[in-house]
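What follows is a short report on a single structure.
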Amino acid sequence: MKFYFFFLFGFLVIHTSSNLIAQSHPEVDSMYTLIRKSKDSVRVSELLNEIGWVLKKSDPKQAKAALLQSIAIANRHAYSKEAGDAYNYLGVLESIRDSLDAASTYWESSLQIRKSIQDRKGEAKIYNNLGILYKNQNDFPQAIFAYRQAEAIYAELDNPVKVGNLSYNIAKLYEQFGHYTQAIEYIYKYLNNLEVQATLPDLSVDELQGIKSNEANAYDLLGTIKYSLGRLTESKQAFYKARNLCQALGDQYTLASVYNNIGNLFSANSWNYSRDSLFKRAIAYQDSAIVFYKKSLDIRSSEKEEALINELQFNIATCERDKGLLYKQIGRQDLFRQKLLFAESEMTRLKAVWEAWDDQFLLMQVESALFEVYHLQGKHQQAMEVLDHSYQLALSSESEWYIQRSLEDFSKHYKAIGAYEKALQYSEDYNIYRFSKISEKQVQDIEMQSALYLDQKNIREIEKKQEALKLSNLQLRISYGIIGVVVLGLMVFVFVAIRFKMLNNKIQGLLLNILPPSVVDRIKKDPKDDCATQFDAATILFSDFAGFTEISAQIPPDQLLDQLNTFFTAFDEIMTEEGVERIKTIGDAYMCVAGVPDPITDHASRMLRAALKMRQAVNRINAQNQQEGAPVFNIRIGINTGPVSGGIVGIRKYAYDVWGDSVNVASRMESMSTIGGITMSSATYQLIQQDLEVLKKHYSFELIPRSKVRVKGKGEMDLFTLQ
């Protein structure tokens with residue numbers, strides 16, 4: 001064994017050092033000198049890893065050879081950490097070379113080693129690397145899973161900087177794929193995290209400036225999300241805040257992104273004026289959008305960022321296309337044709353570039369835009385080709401926004417060529433898809449009533465043309481007689497009436513399933529009402545499962561989802577019994593509030609009863625899990641009472657939510673709770689202490705006062721735990 005090691009080691013030195021010395025790399029030469037002198041095989045493996053890391057860009061072939069030799073030595077001597085490091089560095093090396101499948105394989109090997117030696121920090125790093133890799137492959141579900149695994153581990157390790165960075169990456173990924181409710185949740189989480197980072201002791205000037213730069217990025221992304229939700233005023237405020245921060249910091253890179261997004265905002269506002277038939281003003285807003293795009297383009301061009309330059313040229317081409325449509329509205333057919341030809345030329349060029357890059361997300365984007373150009377020009381075959389391909393890309397990448405848009409465009413296309421039955425079917429598919437996604441994700445659409453009106457108007461228009469076609473055919477077949485025409489008309493009328501009634505009942509039922517009844521009533525009276533209300537007193541509960549990350553790694557995702565569904569269904573039934581409003585679930589976390597949106601006086605008592613019932617339900621389900629050999633889930637519950645604000649977040653996709661310091665304290669109570677415990681603040685305890693004796697007759701618990709417990713962000717607090 002000893003002879004083999006020295007033989008292998010001597011071969012390695014002779015094979016690699018000659019090449020490396022030829023490159024005159026003093027640092028690498030020094031490490032090889034240390035290798036030749038070392039008798040410690042652990043140190044040899046570590047030095048080979050360092051050589052691989054140093055040479056990963058300048059000499060990837062020699063870097064890979066060094067890392068593979070490190071793995072051979074580490075495996076022979078059972079040095080798990082060194083092997084894990086080598087696999088990680090190989091993953092980085094392959095990702096630099098764009099060999100993403102190989103990178104994924106190496107990182108998965110490193111991850112298994114990290115888990116086996118319980119290197120939590122190392123696990124988090126690998127999950128983060130995998131998140132970046134899957135994002136670059138447009139594999140949205142895998143990227144989100146990897147990022148959230150890394151986030152959970154860094155939170156467990158109490159590393160706010162890493163948690164913050166991951167919150168931003170997750171928010172950006174959710175935004176990119178159209179999951180705006182989750183995106184806005186994570187970007188606010190990131191902004192809160194930056195505030196925490198700014199209070200850390202002994203920060204240098206550069207570190208504070210870095211936090212400010214991150215804040216600019218956060219507001220830039222927040223503006224993008226608000227823009228996607230249709231909240232253009234809030235979007236503008238966020239973008240201008242980002243712009244001011246960038247200008248103060250001299251951050252040209254982020255400023256270029258902000259200018260691009262402000263351009264998007266002007267372009268969106270253009271259509272507000274277009275809807276009011278103010279076409280010249282709408283054109284002026286498109287011109288303003290192009291000005292901001294070109295400001296961004298100047299910065300990107302100076303930095304020679306080809307990918308971002310292409311995206312800006314695409315935005316300009318889109319603006320020119322939209323200006324062409326506006327010129328058509330004011331009778332300028334010459335400018336209409338000119339702008340569409342320019343847009344077609346630019347988008348076709350960019351389509352070829354993104355095909356060569358094999359960037360499916362950008363390709364989906366440009367083909368969706370090209371459909372509109374061909375559609376406006378009456379090039380129906382070309383329009384159908386790009387639309388069909390864009391739709392297939394949207395399905396494969398699970399991009400909900402583009403799937404929804406494609407269904408709408410299919411309806412538009414078939415309507416234009418006179419295929420009214422297909423147009424009607426796609427219009428219905430579009431409508432069903434939108435509302436099914438709302439149901440699955442427990443989110444709302446504040447414009448549902450107006451959107452439904454537009455959908456029904458579109459259906460009516462298609463059905464009118466369908467009727468006109470049927471009547472035309474009947475005229476050609478006059479022998480059928482007047483009675484046949486009347487019967488057919490009555491059948492169509494009954495069919496349409498029944499269809500509209502079913503659709504209306506379905507949507508009304510959906511609203512009541514996903515919004516509190518009082519909120520539904522307010523929206524029905526005023527679709528623009530965001531239901532924002534200040535509540536003087538309410539009780540908030542958070543719960544999660546201790547060790548959830550470890551459990552999720554042990555069982556398949558479908559089984560994990562079944563378990564969560566079992567628990568959350570039981571919790572929902574309890575909330576209904578106690579008159580408590582479930583707000584949302586995030587992974588394994590469950591949040592609810594009593595006293596919102598309908599104020600009640602006994603909100604604290606109801607919430608405590610609900611918490612005790614939740615614990616009973618968990619014990620009951622765990623008992624069944626043990627019999628079936630499934631994992632046991634240990635719940636932690638936190639409760640706080642105080643003032644909160646409630647309202648609807650978002651326009652296209654939104655949820656009823658509550659916020660305020662009392663919510664933050666409730667979350668802290670959950671994180672400070674013990675396994676199986678219900679921890680409450682003194683504010684809640686003061687309201688329920690007289691109920692405890694009665695509750696003890698029905699539920700088993702022990703009250704444990706906890707004096708002057710230090711709570712993050714709040715200082716010392718008196719807590720009370722029911723164990």
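The values are calculated or read from the model by the stated rules, or taken from the named source; none is laboratory data. Fair warning: this is a prediction, and the values are worked out from it, not measured in the lab. Cβ placement follows ideal geometry from the backbone for every residue including glycine, while neighbour counts extend to all protein chains displayed. Note: areas computed on protein heavy atoms with side chains; ligands, DNA, RNA excluded. Shrake-Rupley method; radii C 1.70, N 1.55, O 1.52, S 1.80 Å.
Quick check on VAL711: is it among the hydrophobic types (A, V, I, L, M, F, W, C) and without any contact (Cβ under 8 Å) to a residue 40 or more places away in the chain? First the steps, then the outcome.
Details: among the hydrophobic types (A, V, I, L, M, F, W, C): yes; without any contact (Cβ under 8 Å) to a residue 40 or more places away in the chain: no.
So VAL711 fails the test.
Suppose we filter the range 403-428 for residues that are under 23 Å from THR181 (Cα atoms) and open to solvent by 20 Å² or more (accessible area, probe 1.4 Å); how many remain? Even if it seems obvious, please write down each step before you answer.
Filtering the range 403-428 down to residues under 23 Å from THR181 (Cα atoms) leaves 403-408.
If we keep only those that are open to solvent by 20 Å² or more (accessible area, probe 1.4 Å) too, we end up with 404-405, 408.
Number satisfying all stated conditions: 3.
Please work out which one of (1) farther than 28 Å from GLU400 by Cα; (2) part of a helix (DSSP H, G or I) is the condition SER277 fails and give its number.
The number of the failed condition is (2).
Out of (1) in contact with a Pro (Cβ under 6 Å, 6 or more places away or on another chain); (2) open to solvent by 50 Å² or more (accessible area, probe 1.4 Å); (3) among the small types (Gly, Ala, Ser), the odd one out for GLY646 is which?
Evaluating GLY646 over (1) in contact with a Pro (Cβ under 6 Å, 6 or more places away or on another chain); (2) open to solvent by 50 Å² or more (accessible area, probe 1.4 Å); (3) among the small types (Gly, Ala, Ser) leaves (2) as the failure.
State which residue is farthest from the chain's Cα centre (by Cα) when the search covers only the range 585-599 and only residues that are under 17 Å from GLN563 (Cα atoms) and buried (at least 17 other Cβ atoms within 10 Å of the Cβ). Give the derivation first.
First, the residues of the range 585-599 that are under 17 Å from GLN563 (Cα atoms): 585-590.
When the remaining residues are screened for being buried (at least 17 other Cβ atoms within 10 Å of the Cβ), the result is 585, 588, 590.
Details: THR585: 15, ASP588: 17, TYR590: 18 Å.
Among those residues, the one meeting the criterion is TYR590.
For the range 73-99, what are the residues that are surrounded by fewer than 16 Cβ atoms within 10 Å (Cβ to Cβ) and among the hydrophobic types (A, V, I, L, M, F, W, C)?
ALA78, ILE96
Residue by residue through the range 618-641, note down the ones that are open to solvent by less than 10 Å² (accessible area, probe 1.4 Å) and part of a helix (DSSP H, G or I).
VAL618, ASN625
Quick check on ARG148: is it within 17 Å of GLU398 (Cβ to Cβ) and among the basic types (Lys, Arg)? Walk me through how you get there before you give the answer.
Numbers: within 17 Å of GLU398 (Cβ to Cβ): yes; among the basic types (Lys, Arg): yes.
Considered against the rule, which asks whether it is within 17 Å of GLU398 (Cβ to Cβ) and among the basic types (Lys, Arg), ARG148 comes out as yes.
Out of the residues in the range 262-281 that are open to solvent by less than 30 Å² (accessible area, probe 1.4 Å) and out of contact with any Leu (no Cβ under 9 Å at 6 or more places or on another chain), state the one that is farthest from LEU326 (Cα to Cα).
Filtering the range 262-281 for residues open to solvent by less than 30 Å² (accessible area, probe 1.4 Å) gives 262-263, 265, 267-268, 270, 274.
Subset that is out of contact with any Leu (no Cβ under 9 Å at 6 or more places or on another chain): 262, 267.
Numbers: ILE262: 20, SER267: 12 Å.
In this case the residue turns out to be ILE262.
Name the pairs: first residue in the range 135-162 and touching a residue at least 40 places away in the same chain (Cβ under 8 Å) and open to solvent by less than 40 Å² (accessible area, probe 1.4 Å), second residue not in a helix (DSSP H, G or I) and not β-branched (Val, Ile, Thr), Cβ to Cβ under 6 Å, at least 6 apart or on different chains?
Correct list of pairs: PHE140/PHE177; PHE140/GLU398.
From the list GLN377, GLN338, GLN360, GLN333, exactly one residue is open to solvent by 50 Å² or more (accessible area, probe 1.4 Å), of a type in the set (S, T, N, Q) and at pLDDT below 85. Which is it? Walk me through how you get there before you give the answer.
On the way: GLN377 fails: at pLDDT below 85; GLN338 fails: at pLDDT below 85; GLN333 fails: at pLDDT below 85.
Within the list GLN377, GLN338, GLN360, GLN333, the selection yields GLN360.
Tell me the residue from TYR219, TYR227 that is in contact (Cβ under 8 Å) with a residue 40 or more places away in the chain, in a helix (DSSP H, G or I), open to solvent by 30 Å² or more (accessible area, probe 1.4 Å) and touching a helix residue (DSSP H, G or I) at 6+ places or on another chain (Cβ under 7 Å), please.
Details: TYR219 fails: in contact (Cβ under 8 Å) with a residue 40 or more places away in the chain.
Criteria check complete, one pass: TYR227.
Looking at (1) within 17 Å of GLY676 (Cα to Cα); (2) open to solvent by 60 Å² or more (accessible area, probe 1.4 Å); (3) of a type in the set (D, E, K, R); (4) out of contact with any helix residue (DSSP H, G or I) (no Cβ under 7 Å at 6 or more places or on another chain), find the lone condition where ARG615 falls short.
That leaves (2) as the condition not met.
Table: residues versus (1) among the basic types (Lys, Arg); (2) farther than 25 Å from LEU130 by Cβ; (3) out of contact with any Phe, Trp or Tyr (no Cβ under 7 Å at 6 or more places or on another chain); (4) modelled with pLDDT of 85 or more.
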| residue | (1), (2), (3), (4) |
| --- | --- |
| PHE6 | no, yes, yes, no |
| SER18 | no, yes, yes, no |
| GLN23 | no, yes, yes, no |
| LYS37 | yes, yes, yes, no |
| LEU55 | no, no, yes, yes |
| LEU68 | no, no, yes, yes |
| SER99 | no, no, yes, yes |
| THR105 | no, no, yes, yes |
| SER110 | no, no, no, yes |
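Can you tell me how many residues in the range 298-308 are open to solvent by 30 Å² or more (accessible area, probe 1.4 Å) and part of a helix (DSSP H, G or I)?
The initial filter retains those residues of the range 298-308 that are open to solvent by 30 Å² or more (accessible area, probe 1.4 Å), namely 298, 301-308.
If we keep only those that are part of a helix (DSSP H, G or I) as well, we get 298, 301-302, 306-308.
The total comes to 6.
All but one of (1) surrounded by 20 or more Cβ atoms within 10 Å (Cβ to Cβ); (2) not in a helix (DSSP H, G or I) hold for LEU111; which doesn't?
With respect to (1) surrounded by 20 or more Cβ atoms within 10 Å (Cβ to Cβ); (2) not in a helix (DSSP H, G or I), LEU111 is out only on (2).
Can you tell me which residue among LYS56, LYS61 is open to solvent by 60 Å² or more (accessible area, probe 1.4 Å) and closer than 30 Å to ASP359 by Cα? Reasoning before the result, please.
On the way: LYS56 fails: open to solvent by 60 Å² or more (accessible area, probe 1.4 Å).
The unique qualifying residue is LYS61.
Search the range 358-375 for residues that are among the aliphatic types (A, V, I, L, M) and pair each with any residue that is in a loop (DSSP other than H, G, I, E, B) when their beta-carbon atoms are under 7 Å apart and the residues are at least 6 apart or on different chains.
MET364/SER399
Quick one: THR566 ticks every box in (1) in contact (Cβ under 8 Å) with a residue 60 or more places away in the chain; (2) out of contact with any Asp or Glu (no Cβ under 9 Å at 6 or more places or on another chain) except a single one, so which number is it?
Every listed condition holds for THR566 apart from (1).
List the pairs whose first member sits in the range 617-632 and is under 21 Å from TYR699 (Cβ atoms) and in contact (Cβ under 8 Å) with a residue 24 or more places away in the chain, whose second member is open to solvent by less than 100 Å² (accessible area, probe 1.4 Å) and not in a helix (DSSP H, G or I), and whose Cβ atoms are under 6 Å apart, counting only residues at least 6 apart or on separate chains?
Between residues of the range 617-632 that are under 21 Å from TYR699 (Cβ atoms) and in contact (Cβ under 8 Å) with a residue 24 or more places away in the chain and residues that are open to solvent by less than 100 Å² (accessible area, probe 1.4 Å) and not in a helix (DSSP H, G or I), the close pairs are VAL618/ILE635.
Given the criteria open to solvent by 30 Å² or more (accessible area, probe 1.4 Å), among the basic types (Lys, Arg) and either under 19 Å from ALA611 (Cβ atoms) or touching a strand residue (DSSP E or B) at 6+ places or on another chain (Cβ under 6 Å) (or both), does LYS697 qualify?
The answer is yes for LYS697.
Can you work out which of the residues in the range 230-254 that are over 20 Å from the mean Cα position of the chain (by Cα) and outside any helix (DSSP H, G or I) is nearest to GLY164 (Cα to Cα)?
Looking at residues that are over 20 Å from the mean Cα position of the chain (by Cα) and outside any helix (DSSP H, G or I), I get ASP251.
Which is among the hydrophobic types (A, V, I, L, M, F, W, C) and closer than 30 Å to ILE299 by Cα, of VAL373, VAL386? Spell out the reasoning first.
Numbers: VAL386 fails: closer than 30 Å to ILE299 by Cα.
Just one listed residue meets the conditions, VAL373.
Inside the range 668-677, can you point out the residues that are hydroxyl-bearing (Ser, Thr, Tyr) and modelled with pLDDT of 90 or more? Talk me through it step by step, then tell me what you get.
So in the range 668-677, the residues hydroxyl-bearing (Ser, Thr, Tyr) come out as 671, 673-674.
Those that are hydroxyl-bearing (Ser, Thr, Tyr) and modelled with pLDDT of 90 or more: SER673, THR674.
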